[in-house]
1. Can you tell me which residue among B:Asp108, B:Asp113, B:Asp136 is within 24 Å of B:Ser320 (Cβ to Cβ) and not hydroxyl-bearing (Ser, Thr, Tyr)?
2. Does region B:285-304 hold any residues that are in contact with a Ser or Thr (Cβ under 8 Å, 6 or more places away or on another chain) and buried (at least 24 other Cβ atoms within 10 Å of the Cβ), and which are they?
3. Checking B:Gly334 against (1) at pLDDT below 85; (2) under 15 Å from B:Val28 (Cβ atoms), which single condition isn't satisfied?
4. When the residues of region A:69-88 are filtered to those that are buried (at least 20 other Cβ atoms within 10 Å of the Cβ) and not in a strand (DSSP E or B), which remaining residue is farthest from the other protein chains (Cβ to nearest Cβ)?
5. For region A:115-137, what are the residues that are assigned to a helix (DSSP H, G or I) and either more than 14 Å from chain B (Cβ to nearest Cβ) or surrounded by fewer than 21 Cβ atoms within 10 Å (Cβ to Cβ) (or both)?
6. Output the number of residues of region A:91-104 satisfying the condition of being in a loop (DSSP other than H, G, I, E, B) and facing chain B (nearest Cβ under 9 Å).
7. Can you say whether A:Leu141 is of a type outside the set (S, T, N, Q), more than 13 Å from chain B (Cβ to nearest Cβ) and in contact with a Lys or Arg (Cβ under 9 Å, 6 or more places away or on another chain), as far as the supplied structure shows?
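The values are calculated or read from the model by the stated rules, or taken from the named source; none is laboratory data. From a predicted model like this one, the values you see are computed outputs, not experimental measurements. Note that each Cβ is placed from the backbone with ideal geometry, even for glycine, and that neighbours are counted across all protein chains shown.
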Amino acid sequence: MSSQAAIISIHDLRKTYHTGKVFVDALRGVNLEVPAGEFLSIVGPSGSGKSTLFHIVGGLTPPSAGEVIVAGRNVSAIGDSGRTELRRKSVSFVFQKFNLLPNLTARDNIRTALYIAGMPTALFADDLKSVLELLGISARLDHKPSEMSGGEQQRVAIARALATRPAILLADEPTGNLDTANSLAVLKLLKDLNQRLGQTILMITHNTEAAEYGHRIVHMRDGQIVETSAPATI
Amino acid sequence: MIVKLVWENVRHKPVRTLLSILLIAVPVTLILTLIGLSHGFIEDSRKRSVGVGADILFKPQNASVVGLSTATMPEKMVQALAAEPHIAQAMGTVVNPIGGFDVLVGIDPAEFDKMSGGFVFDSGHTFQGPNDILVDTWYADQRHVRAGDKLHLPGHDWHVAGIVEPGKLGHLFVQMSVLQDMIGATGKVSQIFLKVDDKKLVDSVIQSLRAKYDNYPILSMAELQSLLSVDNVPMLGSFLNVILGISVVIGFAVVSLSMYMAVLQRTREIGILKSLGATKFFVMGMILAEAFCLGLGGTILGILLSFAAKAAIHAVAPASLPQAIVYVWWPRAGAIAMGAALLGALYPGMIAVRQDPIEALAYE
């Protein structure tokens, strides 16, 4: 890890969903500190609250109670526009289903992210070019998602996420839709990006083998963190 | 980048895009065609008025200045007016609407020739019998008649004596005495055209006539031409306003439905954009920009279709429904279409803006 300062700081985080008259407690007092530059894996069964935690840290939904500081912003106190700004400037997502804009080429997907972030879009900066090289998609930039394999799409999604130089990369089951070979390649890439660039990564996964790529593994169950462990050596 | 996004969105669903553009084009064409018909009709009337060769129009008491007048004036007024100072010639005519936009004009051939310089015959000859009718080339094309043919018009069968060049008073001409008898207006005329011996005296002649003939609409042909406008034809302005209103509603509904579908189809993409940090303004801007493109495409197609409508109408009814291309209405029709398109996109845009990013990303 490149730095020990906490880039994510969570205290007594609670989230309750209302479905009609039914209240569902998705998170029940989560406490977590993530230092900058850490690659953190979050594992747990369905309904354990890991996706909700991911969405709150990423500013996709507000917490019901507790304090969540992400890249210096108090997510509990900022409104919808503040969370939009958080997504634009501080966090980026990599999803299980890639979530590339289907009508656009890989290049334009990346440009769209740059445009929304208010960054120059005409030419990719040198550091982005090196990321593209590292991801092995430099030659695939003018292809649309439908013309690429799942592995390639996910690598484009990672490139898009990193293009805006986010403080935190949030990966939600990044290997969930990939075969073994591509899964391995993507996990190695994430590890590599973390090591080379010092990129803070939060990855949620069902896959315990994938979780081993993190510096630390947080286990969640029933809306709470039940265990924190170190990975076995890969 | 937003242009690229919008363009790719529009391009990605070509059938939906083309259908939307076509449906927006319909009200544009409707507006331009109806405006074109109104202006064409008035322009045609104006040209035909000029073609009479008169300087002053004298109409029955309390008659509408620009509307058709029934034959209520005694024919002896023609002689009385001819005797007025500086009147070189007075010519009475009878007009009789025969359905639709068609009007039968009764003339005295000798007087008409003297005032207008006479008809230019494409074929046939002037009146020889009481059932003879002269038709101009537009009407002949419309009804597919030639000199020598029978022409059935409401209430009477006529013999086409000659086909004449258009642009003089009417499209259908019969002898005035015949028409007077036929409509029960023997000895009456609908309007009297006056020719002044010195054009410079037209205004002073009108003044003296107005002083003498109270409540008779008397106006110079120049005044008549300026009065022949959409605003001065009774009910035409209101009719056009209703059509404009309907066009706005159609454009609004079409774009609203189209954009609503687009927003539904693109729920996940909107979620992706939001996850990238797209603001509400960005998402709304994208939806409105797409509506703008559809409105622009609809306007251009609508203008092109108005030419097609003109050609089709001219082929079917060149005399009854003359249509003009009114360029000044292009931006107006475009503004109406664009306004309706943008208005129609607002609600779907609001839906897109309010979409929860998590639900949008989970949308299949």
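1. B:Asp136
2. Across region B:285-304, the qualifying residues are B:Leu294, B:Gly298, B:Gly302.
3. Among (1) at pLDDT below 85; (2) under 15 Å from B:Val28 (Cβ atoms), the lone unmet condition for B:Gly334 is (1).
4. Applying the filter and picking the extreme gives A:Val75.
5. If we filter region A:115-137 for residues that are assigned to a helix (DSSP H, G or I), which is where we start, we get A:115-116, A:126-135.
Within region A:115-137, A:Tyr115, A:Asp126, A:Asp127, A:Leu128, A:Lys129, A:Ser130, A:Val131, A:Leu132, A:Glu133, A:Leu134, A:Leu135 qualify.
6. Within region A:91-104, the subset in a loop (DSSP other than H, G, I, E, B) is A:95-104.
Okay, now just the ones that are also facing chain B (nearest Cβ under 9 Å), so A:95, A:97, A:99-104.
Going through region A:91-104 one residue at a time, the tally reaches 8.
7. yes
Residue by residue, here is whether (1) more than 14 Å from every other protein chain (Cβ to nearest Cβ); (2) out of contact with any strand residue (DSSP E or B) (no Cβ under 8 Å at 6 or more places or on another chain); (3) part of a helix (DSSP H, G or I) holds:
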| position | (1), (2), (3) |
| --- | --- |
| B:Leu219 | yes, no, no |
| B:Leu224 | yes, no, yes |
| B:Val242 | yes, yes, yes |
| B:Ile250 | yes, yes, yes |
| B:Ala253 | yes, yes, yes |
| B:Leu257 | yes, yes, yes |
| B:Tyr260 | yes, yes, yes |
| B:Ala278 | no, yes, no |
| B:Phe281 | no, yes, yes |
